[in-house]
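The values are calculated or read from the model by the stated rules, or taken from the named source; none is laboratory data. Because the structure is predicted, anything quoted here is derived from the model rather than measured. When we count neighbours, we look across all protein chains shown, and the Cβ atoms used for this are built from the backbone with ideal geometry, even at glycine. Just so you know, the surface numbers come from the protein's heavy atoms only, side chains and all, with ligands and any DNA or RNA stripped out. Shrake-Rupley method; radii C 1.70, N 1.55, O 1.52, S 1.80 Å.
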Amino acid sequence: MTDRPPIPRRGTPRVPVIPRGEVVATFETYQDAQAAVDRLAHAEFPLKEVSIIGSDLKSVERVTGKLSYGRAALAGALSGLWVGLFFGLLLVLLSPTGTTPLFIGAAALIGAGFGLFFNIAVYSVGRRRRDFTSVMQVIATSYSVLVSPEFANRARNALDGPPAP
């Protein structure tokens, strides 16, 4: 979902605006709103006239575990390993001379070491302020399907009719 045109016009910056129209259906979950838009698509409805609007946004932070030096070190080592592996492969591909797989392994280990020490340092500085890991989400309490006023009745009929095969 995007609010930008595929090819932006020169000199006219796009400012995000809330779509205007009539609410043809309201749902509790985003998946239900998507299913309604799918029904409209199957009914050959002009989808450029449809928007899904989430209302009453809530910030939800789900705690996933306790953070310790061991977990911080492991997370840093794993992320550093991937970065080292990426740069090792990149250097092997761009190298004019033949390099061995040992070079890739060394780059991965160096990356893991840097990631480990960097993450431990960051954790040490911020310790006791945040000793847990979490995942942050923004969730709406309801989702409305909005349609341009000239197409509202057609959309309601398509959503109220029998489901498309």
Taking the Cα-to-Cβ direction at D131 and at V15 and moving 7 Å from each Cα, how far apart do the two end points lie in nm? 4.8 nm
Run the accessible area of the chain with a 1.4 Å probe and give the carbon-and-sulfur part as a rounded percent. 64 percent
Could you do me a favour and compute the accessible area per residue for the range 59-108, 1.4 Å probe, result in Å²? 70 Å²
Segment A121-N157, length gained on full extension (0.36 nm per residue, minus Cα span): 6.9 nm
For the chain, what is the relative contact order in percent, using Cα pairs closer than 8 Å and at least 6 residues apart in sequence? 43 percent
The chain - mean residue ellipticity at 222 nm from DSSP helices (-39,500 (n - 2.57) per run, n ≥ 4, rounded to 500): -15500 deg cm²/dmol
Using only the heavy atoms of the protein chains and a 1.4 Å probe, how would K58, K48 rank by accessible area, largest first? K48, K58
Go through the range 70-165 and name the trypsin sites (Lys or Arg not before Pro) that are in a DSSP coil and have 14 or fewer other Cβ atoms within 10 Å of their Cβ. R127, R128, R129, R130
Excluding ligands and nucleic acids, what accessible area in Å² is computed for E22 using a 1.4 Å probe, to the nearest 10? 70 Å²
